[in-house]
Each structure stands twice: as structure tokens, then as C-alpha cells.
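A.B. asks: Quick one: this structure, given as C-alpha cells, is what I'll be asking you about.
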Ligand code: NAD
Ligand code: MG
């Protein structure tokens, strides 16, 4: 760190929902954080504003056509501007960075985040797809390098906080809460007719488009079960999901003596992001406090896996193990992208993933390349099904 208090931060995905919230926290605590690198996909106008405000030393953009224009506009005083996977890796492993906030969406975050672990950076992990695609492999590297991996996902942050000071062997199970998304009460029949606009309205959280659709299919919760399996090293049998429409109880840990410890708060990602940045301290955020007296109804119920097939697909992928979760994730990314382009219907998302998983022969992962190959294979299969007009 540059001074005792100031932490140097690299952000993958600075123009996204998590990236923007992270930068709001950095801006509110300039004495504690400084930015060394930022990366963006295609939102160059927002990236320019972020460069002017946070003065990173290096940035990477996925959109290659924007690189030269950005270099010209930023001039000699501007940051180094890179592109491609190498650019992401350079940003994630910047020598001055103490911590990487990994907030690119999807398996695209895997290679640069893995590189940051190799380089000994602490990781604030928002990107859950990394642990879905390569959880066991990734965690082994985290252990080998001795880096800190702090979850940003609200459920996992809640579990992380609820485990503090407890013994791992005393945990009976983790209970992940799920809002149930916009279709919590929609019948299977009606789910055949829901459209993009209906799916993009999340009742409690404002997030990027991909995770919003994942919340509507409940694949998001499936991905989070796999994320929890690797983050907390517990088998799937000890990870349960409860529907909790109010999104106030962010998740719970049940212990062997029957005690249940939970973390509560208003649904705002700034709390778990700030905790990941400042752990083990807490930052004095200017948040609307949770008023429990106004939460007259905190309800919990079992998820309906008939209507939300994606949740059981994730448990099946965990059971199969090896490259299966990477393939499931890849098929989901392609299917969600097709749904966002209105090329397929809502229920076809789970249908595509089911078919791709069925045709996959899973192998054990001993090197990263196998994950990347499984990811490409899953994408190709899903794209083929879409092109053929999957029913
Ligand atoms: P988002 O779509 O709002 O932002 C994604 C960011 O990644 C953007 O900056 C985009 O430009 C960048 N990006 C996307 N594809 C890229 C590529 N191929 N190369 C380089 N950059 C690329 O997504 P988000 O909602 O901020 O979610 C980010 C991650 O955090 C996801 O994995 C999501 O599951 C997880 N997460 C998000 C929330 C939330 O509240 N938004 C909560 C928990 C976990
Ligand atoms: Mg979550």
C-alpha cells in the first residue's frame, strides 16, 4: 500500500453496475482508496469520465475500435490505453494494485482474475461465473498464493459475515436467500409468454442486464449455490435456498446447536462492496438505515424447481463436477444473450442449457485450458441450438 491507510485498487468492469458503485465508494473515501487501473467493455463515454475523475495509470477497453480515439482524446497526460485479454491482465495485475475488484460479467473475467491471484493481489469478487466455471481450480490457486478473497455478492458477503468468529466444523448448512425475481408468482403456463421487458424489471435490485435475467430464471441462485460451494468449501447438500421476497435477510448460517446467524440490511450493493474493500474494518456509509419496525413481513419459502429449472440444473452441474459447471455457465451466457436480443423465449433459456449439459462429457479439471475449452464448447453448442431454432 502507498501509505498506511491508502489501498490501491484495480477494477475489472468499472463501467458496470458493480464497477460504478465501487467507484462511488472510492470517491467518498479518497484518503483510503486510489485507483490504479480501470477496464470497460464498450461504454467509452463513461470510461472517459472515470479516467478524468480517478486518474488511473492504465485502462483497458474491450472495444478495439475505440482505442486510438481514446488515446487521441486523452492526450499525453492520459493513462496507458490497452485492449484485448492482455490489456485486462495488465490492468488486473498492475504492480501497484493491492486489490482487484473483479466485476466483469461472465467467464470473460476468469483469465484476468486468475492472473491477479497469480500476481498475489487480494480479490474482491463480484464475478460469480469465475467460481462456477473453475471454482475448485481457482480456490486452490487462491490458497497457494495466500491471497485474500472477499465476496462481494450480497448473499456470500452475508455468509462471510455470519461465519466470522465461528468454527467451520460447527456449520450445519448455509441458507442462501433469493428474492424469487419478477416471476416469483408467475405460473409455468404464463412463463411461456413473458417477454424481455417483463424479465428486466427486478423487484428489489438494480443490476446489469445479464444478472437481471439470471435472477428471473433463478439461474442466478444456481450460480450462487456453486459460488458458495467453493468459497466456503461445503458440499451442495449443506447449501439450501429459501425464497425471501423482501431481500432484507441477505443469507444465513445454521449451526449444529440450532443457532442461526444472519446478516440483514437494505438491498444496496454498496454495503457488501464497501465491506470487501475495507475488511476487516467497516466504512461509515451514508445509507438509509434498515428500519426493522417497517419490515412487518419477512417471509421465507421453498423455491419451486418445477417452474425454475435452472436452479436444479446448477445442483446437477455441481454433482457431475469437472467441466460440467463451466459448460452450463457458457450455455447460460449464450442463451441469456439470445433472450436479450429477443431471439428466443424465456423458457428456452433453461431448455438450451439442459440440452447442452446432456450432450457434454465432463472431465476433471487439472489446468485452466480445459475450462476455457469447455467454455468455448458450451458456447458453440448453445449457439448451434439457437441457430437451429430450439423448441
Ligand atoms: P454489468 O453488465 O452492469 O457490468 C459488466 C462490466 O463488465 C461492464 O463494465 C462491461 O463493460 C464489462 N464487460 C462485460 N463483458 C466484457 C468483456 N468481454 N471484456 C471486458 N469487459 C467486459 O454487470 P454487473 O451487474 O455489474 O455484474 C458484474 C458481475 O458482478 C457479474 O458477474 C454479476 O453476476 C456480479 N454481481 C452483480 C451484482 C449487481 O448488483 N449488479 C450483484 C452480485 C454479483
Ligand atoms: Mg447475489
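The values are calculated or read from the model by the stated rules, or taken from the named source; none is laboratory data. Quick caveat: nothing in here was measured; it's all calculated off a predicted structure. Here the Cβ is made from the backbone with ideal geometry for all residues, glycine too, and neighbour counts use every protein chain on show.
A.B. asks: Write out, first by first residue and then by second, each pair whose Cβ atoms fall under 6 Å of each other, whose residues are 6+ apart or on separate chains, and whose first residue, in the stretch 295-319, is in a loop (DSSP other than H, G, I, E, B) while the second is crowded, with 21+ Cβ neighbours inside 10 Å.
C.D. replies: Close Cβ pairs satisfying both conditions: 300/244; 303/241; 303/311; 305/311; 308/218.
A.B. asks: Let me ask something else about it. Given the options 125, 131, 176, name the one that is within 16 Å of ligand 2 (Cβ to nearest atom), in contact with a strand residue (DSSP E or B) (Cβ under 6 Å, 6 or more places away or on another chain) and under 18 Å from residue 13 (Cβ atoms).
C.D. replies: So the residue among 125, 131, 176 that is within 16 Å of ligand 2 (Cβ to nearest atom), in contact with a strand residue (DSSP E or B) (Cβ under 6 Å, 6 or more places away or on another chain) and under 18 Å from residue 13 (Cβ atoms) is 125.
A.B. asks: Among all residue pairs at least 6 apart or on different chains, which show Cβ distances below 7 Å where the first residue, located in the stretch 141-156, is over 24 Å from residue 282 (Cβ atoms) and touching a residue at least 24 places away in the same chain (Cβ under 8 Å) and the second is more than 16 Å from ligand 2 (Cβ to nearest atom) and not in a helix (DSSP H, G or I)?
C.D. replies: Pairs that qualify, where the first residue is over 24 Å from residue 282 (Cβ atoms) and touching a residue at least 24 places away in the same chain (Cβ under 8 Å) and the partner is more than 16 Å from ligand 2 (Cβ to nearest atom) and not in a helix (DSSP H, G or I), are 145/120.
A.B. asks: Quick check on my filter: what residues within the stretch 197-218 are more than 10 Å from ligand 1 (Cβ to nearest atom), touching a residue at least 24 places away in the same chain (Cβ under 8 Å) and either outside the structural domain of residue 312 (by TED's automatic domain parsing) or in contact with a helix residue (DSSP H, G or I) (Cβ under 7 Å, 6 or more places away or on another chain) (or both)?
C.D. replies: Matches in the stretch 197-218: 199, 213, 216, 217, 218.
A.B. asks: Residues 155, 141: which one is within 16 Å of ligand 2 (Cβ to nearest atom) and modelled with pLDDT of 95 or more?
C.D. replies: Only one candidate passes the filter, namely 155.
A.B. asks: Could you check how many residues of the stretch 20-57 are in contact with a helix residue (DSSP H, G or I) (Cβ under 6 Å, 6 or more places away or on another chain), assigned to a strand (DSSP E or B) and closer than 16 Å to residue 8 by Cβ?
C.D. replies: Of the residues in the stretch 20-57, 5 are in contact with a helix residue (DSSP H, G or I) (Cβ under 6 Å, 6 or more places away or on another chain), assigned to a strand (DSSP E or B) and closer than 16 Å to residue 8 by Cβ.
A.B. asks: Let me ask another. For the stretch 348-373, which positions are in a helix (DSSP H, G or I), within 14 Å of residue 320 (Cα to Cα) and touching a residue at least 24 places away in the same chain (Cβ under 8 Å)?
C.D. replies: Of the stretch 348-373, the ones in a helix (DSSP H, G or I) are 348-358, 368-373.
Of the ones still in play, those that are also within 14 Å of residue 320 (Cα to Cα) are 354, 356-358.
Residues satisfying the conditions are 354, 356, 357.
A.B. asks: Let me ask another. Could you list all residues from the stretch 205-214 that are over 12 Å from the mean Cα position of the chain (by Cα) and within 11 Å of ligand 2 (Cβ to nearest atom)?
C.D. replies: Selection gives 205 alone.
A.B. asks: Looking for something outside any helix (DSSP H, G or I), within 9 Å of ligand 1 (Cβ to nearest atom), in contact (Cβ under 8 Å) with a residue 60 or more places away in the chain and on the phi < 0 side of the Ramachandran plot - is there at least one such residue anywhere in the stretch 79-89?
C.D. replies: no
A.B. asks: Of all residues being part of a loop (DSSP other than H, G, I, E, B) and buried (at least 19 other Cβ atoms within 10 Å of the Cβ) in the stretch 148-181, which is nearest to ligand 1 (Cβ to nearest atom)? Just the residue, please.
C.D. replies: Of all residues in the stretch 148-181, those part of a loop (DSSP other than H, G, I, E, B) come to 148, 152-153, 164-167, 179-181.
Narrowing the set further to residues that are buried (at least 19 other Cβ atoms within 10 Å of the Cβ) leaves 152-153, 179-181.
On the way: 152: 6, 153: 4, 179: 12, 180: 16, 181: 13 Å.
Ranking the qualifying residues of the stretch 148-181, first place goes to 153.
A.B. asks: Kindly evaluate residue 301 against the criterion of being touching a strand residue (DSSP E or B) at 6+ places or on another chain (Cβ under 8 Å) and within 24 Å of residue 246 (Cα to Cα).
C.D. replies: Considered against the rule, which asks whether it is touching a strand residue (DSSP E or B) at 6+ places or on another chain (Cβ under 8 Å) and within 24 Å of residue 246 (Cα to Cα), residue 301 comes out as yes.
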